[in-house]
Structure formats: structure tokens, C-alpha cells
Amino acid sequence: MEFEPIEYDFEFEAKLKADRNSAVEWAKNILQSDFLILDTETTGLTKPCVIQVALIDKKANLVLNTLAKRNRFCPIGLEAFGKHRLDDVALLDAPNFEDVLIQIEEVVKDRPLLAYNSSFDKNALDFTCNIWGLGDFPYNIECVMQQYAKFVGNWDFKRKSYSWPRLPNGDHSAAGDILATLEVIRTMANSACT
């Protein structure tokens, strides 16, 4: 049985190294800014009403950690409850989302906003703002997971893009996940370029 020699793709290897280096540089640069990291917990993947929001600054100071009443059209799914353990009893004394949005705006102002999986958080925040009649969430959110995917470098040949890595040490609480996200940024920033 004969085997054909596999050609090594030096261009692809160079792309992986360049992408990893760009993730390292991104992390170093972002640590120089006055950013905030945001995470949400929601009622589930369908009708994802935000029921918890947390924000930290680059020094890991918790600047906001609040529950939010869910909209009556968004029941808490069993899978979501199984992860974050938030139910209607936990949300009984929580402010409505309009008040939570005011708290977010008071903290964020014009600071860069990051999240581990920003598309999920942005979609959930847009959905929640809209269901409460507040329009779209008024901020852009930069994605840490996209940078971390380049840093880790696991290429998915079927999708022709990087695989999305799980958040290391995330615990499915908004406060716990933002601390884990900050650690991911610091890990990338403390790595040498190749």
C-alpha cells in the first residue's frame, strides 16, 4: 500500500501564527483602554430575556451586578434555569429592565464594552430592550471569544473558520463569567507573539 506524501501548507501555518499574534496584540491594546466586560443571564435561547446583568472594569471591580424582572412573555426555560438557577422567586424584588438599562447607561457612558460571546449578549439585550419597548440596546459590544478563538487556533475545516472555544472557568453566573473573560484577556496579553 502506497501513501501519497502530504504537502505541508506553510501559508496556512503563517495565517494561524499571524491571527494568534493579532489576538495577543488586541488583548495588550484593550488592556490599555478603560473597557468594561459585560455578561448576561437570560430566560433561555428562544425569547432570551435578560434577567441578570453584570459589568466589571479592567481591575476586576464589579461595577454592576443586578437581576432584572423578566417580561411575562418570556418564561424561564428549564435548561437556562439548570445553568444559572434563577427563577421567578429570585427575581421577585428585581427592578424592571427599563431601570436596569438606566443603571447600565450610567456605568458605561462611552467606555468600550466587551463580552465573551458578544453576539449572544447583544441579541439578548436587543430582544429584551425591544420587548420592553425601549428600542435596540444602545451599545456595540466587542467579542472576546472571536479573539480567543484566533489565539487558541483550532481551525474547523468544515466551517472554514476557527472553532469557538468554551469560556475557561466560566460558571454560568454573570459575575463569574465576566471574571473568567477578564482572565482570558490577561492570558492572551501575557503571551508572547510567535
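Count of segment 155-165 residues, restricted to those that are open to solvent by 90 Å² or more (accessible area, probe 1.4 Å) and either touching a Cys at 6+ places or on another chain (Cβ under 9 Å) or free of Cβ contacts under 8 Å to residues at least 40 places away in the same chain (or both), is 4.
Filtered by the rule that a residue be in contact (Cβ under 8 Å) with a residue 24 or more places away in the chain and not in a helix (DSSP H, G or I), segment 167-176 gives Leu167, Gly170, His172, Ser173. The single condition among (1) modelled with pLDDT under 95; (2) under 24 Å from Arg85 (Cβ atoms); (3) open to solvent by 50 Å² or more (accessible area, probe 1.4 Å); (4) part of a helix (DSSP H, G or I) that Leu179 does not satisfy is (1).
Could you list, in sequence order, all residues of segment 123-136 that are within 15 Å of the chain's Cα centre (by Cα) and without any contact (Cβ under 8 Å) to a residue 24 or more places away in the chain?
Within segment 123-136, the first condition is being within 15 Å of the chain's Cα centre (by Cα), and the residues that meet it are 123-126.
Answer for segment 123-136, where residues must be within 15 Å of the chain's Cα centre (by Cα) and without any contact (Cβ under 8 Å) to a residue 24 or more places away in the chain: just Asp126.
From the list Met188, Met145, exactly one residue is farther than 15 Å from Val50 by Cα, in a helix (DSSP H, G or I) and without any contact (Cβ under 8 Å) to a residue 60 or more places away in the chain. Which is it? Going through Met188, Met145 in turn, just one is farther than 15 Å from Val50 by Cα, in a helix (DSSP H, G or I) and without any contact (Cβ under 8 Å) to a residue 60 or more places away in the chain: Met145. The residue that is farthest from Ile37 (Cα to Cα), among those in segment 97-120 that are of a type in the set (Phe, Trp, Tyr) and under 19 Å from the mean Cα position of the chain (by Cα), is Phe120.
Take the residues in segment 14-66 that are closer than 19 Å to Thr128 by Cα and among the small types (Gly, Ala, Ser), then tell me which one is surrounded by the most Cβ atoms within 10 Å (Cβ to Cβ). Checking each candidate, the answer is Ala54. When segment 94-125 is examined, which residues are found to be in a helix (DSSP H, G or I) and open to solvent by 30 Å² or more (accessible area, probe 1.4 Å)? Of everything in segment 94-125, those that are in a helix (DSSP H, G or I) and open to solvent by 30 Å² or more (accessible area, probe 1.4 Å) turn out to be Glu98, Asp99, Ile102, Gln103, Glu105, Glu106, Val107, Ser119, Phe120, Lys122, Asn123. When Asp136 is tested against (1) within 14 Å of Thr40 (Cβ to Cβ); (2) part of a loop (DSSP other than H, G, I, E, B); (3) open to solvent by 20 Å² or more (accessible area, probe 1.4 Å), just one condition goes unmet, and that condition is (1).
The values are calculated or read from the model by the stated rules, or taken from the named source; none is laboratory data. This structure is a prediction, so every number in the text was calculated from the model and none was measured. As a convention, Cβ positions derive from the backbone with ideal geometry for all residues, glycine included, and neighbour counts pool all protein chains shown. Only protein heavy atoms, including side chains, enter the accessible area calculation; ligands, DNA and RNA are left aside. Shrake-Rupley method; radii C 1.70, N 1.55, O 1.52, S 1.80 Å.
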